[in-house]
Structures are given as structure tokens and as C-alpha cells.
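*Asks:* Sharing a structure here in C-alpha cells format.
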Amino acid sequence: MDVTLKFQPAFSLAYVKVAPNEEIRVEPGAMVSHTSGMSMNTKAEGGLFGGLKRMVAGESFFQNTWKAPADGGEITLAPAVAGDMFVLPVSGEFLLASGAYVASEMSLTVDASWGGAKGFFGAGGLILLKVSGSGKLVASSYGAIFDKTLAAGETYVVDTDHIVGMDTSVKFNVVKSGSWKSTILGGEGLVCNLTGPGRVLMQSRSVSAFIGWLSPKLPTKSSN
């Protein structure tokens with residue numbers, strides 16, 4: 001597949017050219033449009049157990065496989081939230097935060113692995129998807145995407161809500177952002193100590209922070 005990204009960084013859209021009879025794997029709900037002749041097959045990759053593992057990781061139970069006709073085709077894709085998209089060539093393994101996956105070539109496999117605590121007071125876990133194989137991965141971020149390459153032994157601290165992905169060579173440890181008082185009252189929650197070598201991808205906005213800002217503004221039954 002050949003991917004061109006447009007309308008970055010706020011409202012990114014991926015134009016994916018699919019070779020004749022080529023198949024690509026796409027997250028349910030990501031399709032925006034496609035040329036005539038593209039066909040879709042929906043199934044639980046890895047069977048029941050594989051589907052359940054994806055649900056635990058915050059992903060869809062089912063996955064869609066799109067196939068181009070004999071003369072090829074095009075499909076446009078977009079993530080659920082506003083923000084950027086990026087194309088990452090994977091050769092080996094890469095860890096991707098739950099919710100960031102959009103699409104990939106069939107040569108890549110996507111599996112769920114638990115990566116430590118993410119939130120506080122039931123905000124959920126830092127769930128990482130393990131992407132393995134050799135091929136192109138299309139992923140998304142909430143807000144703009146930026147990265148940092150860590151040298152061997154170099155440690156960098158990132159709020160867990162801002163982690164998009166990392167090389168499997170990066171070691172990580174989830175800790176409090178300060179004292180328990182600071183963690184609870186300071187609004188930072190838990191953070192990740194990331195130690196290189198390897199590349200870390202981050203996003204400029206936090207979905208949890210946006211939900212926290214939006215929730216008090218939503219109408220309630222009592223207000224009606």
C-alpha cells in the first residue's frame with residue numbers, strides 16, 4: 001500500500017493506494033471513502049481469544065480487511081479523534097498505544113500486551129499493542145505527533161496519556177509524578193520513566209484531559 005497524508009496536523013486524512021488484489025487491515029470505523037470495487041471482509045483476527053485480547057486493549061473485537069479489485073483501488077482513512085496521522089515502517093517489533101492503530105499491511109501482526117498502569121482512580125491501564133513483522137503501519141495521535149530518540153541509558157519522563165508508541169528496546173516504568181499529594185491534586189497523575197536506547201512517539205494533547213474539561217460542561221438530568 002502507498003499512503004499519502006493530507007490536512008495535517010489537526011484533521012489528518014490518509015489516502016491509501018492499494019495495489020491490484022492487495023489486502024490491507026483497517027480498524028473498524030476508520031474508512032471515510034473508497035473507489036468502486038473495493039471489498040471488505042470482517043472477522044475476529046486470531047479467533048475468539050484474539051478478539052477478546054483486543055477488547056481488553058481497548059481495540060475493536062473485529063477487524064476489517066479491505067481488498068482491491070484487479071485494477072487496484074484507493075481508500076481514505078481517518079481516526080476517531082482530531083489530530084495527526086503518521087506512517088511508520090516496521091521491521092521487527094514496535095509498541096503502539098491502544099487507540100492509535102488505524103491500518104497496516106497484511107505482513108504485520110497486531111497483538112495486545114499489558115504495559116503497566118496508565119491512569120489513576122480507575123482511569124485504565126497503559127495498554128500497548130505489539131506490532132510485529134515487516135511492513136507499513138498507519139497510526140494516529142490526538143493533537144500533533146512528535147518524537148524523541150533516546151541514547152542508551154538516557155531516561156526521559158512522559159505523562160502516560162501522551163505516549164503514542166516506542167521501540168521495544170525502550171524500557172519503561174510507571175511511577176507517580178511526585179508525592180501522593182502532588183499526584184492526586186497536581187493533575188499530572190502517573191508518568192512513565194522511559195530509558196533508551198530507542199525512539200519514543202508522543203502526542204501534544206491528552207484525551208483524558210479533554211474528557212475532564214468537557215464532562216462538567218455536559219448537560220445533566222438535574223440541569224434540565
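The values are calculated or read from the model by the stated rules, or taken from the named source; none is laboratory data. These numbers were taken from a predicted model, which means no experiment stands behind them. Cβ placement follows ideal geometry from the backbone for every residue including glycine, while neighbour counts extend to all protein chains displayed.
*Asks:* Considering only region 74-81, I want to know if a residue exists there that is out of contact with any Pro (no Cβ under 9 Å at 6 or more places or on another chain), surrounded by 15 or more Cβ atoms within 10 Å (Cβ to Cβ), modelled with pLDDT of 95 or more and of a type in the set (G, A, S).
*Replies:* So far as region 74-81 goes, yes, one or more of its residues are out of contact with any Pro (no Cβ under 9 Å at 6 or more places or on another chain), surrounded by 15 or more Cβ atoms within 10 Å (Cβ to Cβ), modelled with pLDDT of 95 or more and of a type in the set (G, A, S).
*Asks:* Can you tell me how many residues in region 128-137 are hydrophobic (A, V, I, L, M, F, W, C) and more than 12 Å from V164 (Cα to Cα)?
*Replies:* Residues meeting the conditions: 2.
For (1) at pLDDT 80 or above; (2) under 28 Å from F11 (Cα atoms); (3) buried (at least 18 other Cβ atoms within 10 Å of the Cβ); (4) of a type outside the set (S, T, N, Q), each residue gets a yes or a no:
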residue: A103; (1), (2), (3), (4): yes, yes, yes, yes
residue: V110; (1), (2), (3), (4): yes, yes, yes, yes
residue: G116; (1), (2), (3), (4): no, no, no, yes
residue: G119; (1), (2), (3), (4): no, yes, no, yes
residue: G122; (1), (2), (3), (4): no, no, no, yes
residue: L126; (1), (2), (3), (4): no, yes, yes, yes
residue: G133; (1), (2), (3), (4): yes, no, no, yes
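*Asks:* A further question on this structure: Might you let me know whether region 32-48 holds any residue that is at pLDDT 95 or above, outside any loop (DSSP other than H, G, I, E, B) and under 20 Å from the mean Cα position of the chain (by Cα)?
*Replies:* Yes, some residue in region 32-48 is at pLDDT 95 or above, outside any loop (DSSP other than H, G, I, E, B) and under 20 Å from the mean Cα position of the chain (by Cα).
*Asks:* Okay, next question. Tell me which residues, restricted to region 1-17, are part of a strand (DSSP E or B) and surrounded by 22 or more Cβ atoms within 10 Å (Cβ to Cβ).
*Replies:* Listed by number, the residues that qualify are A14, V16.
*Asks:* Look at region 173-213 and say how many of its residues are within 24 Å of G99 (Cα to Cα) and at pLDDT below 85.
*Replies:* 18
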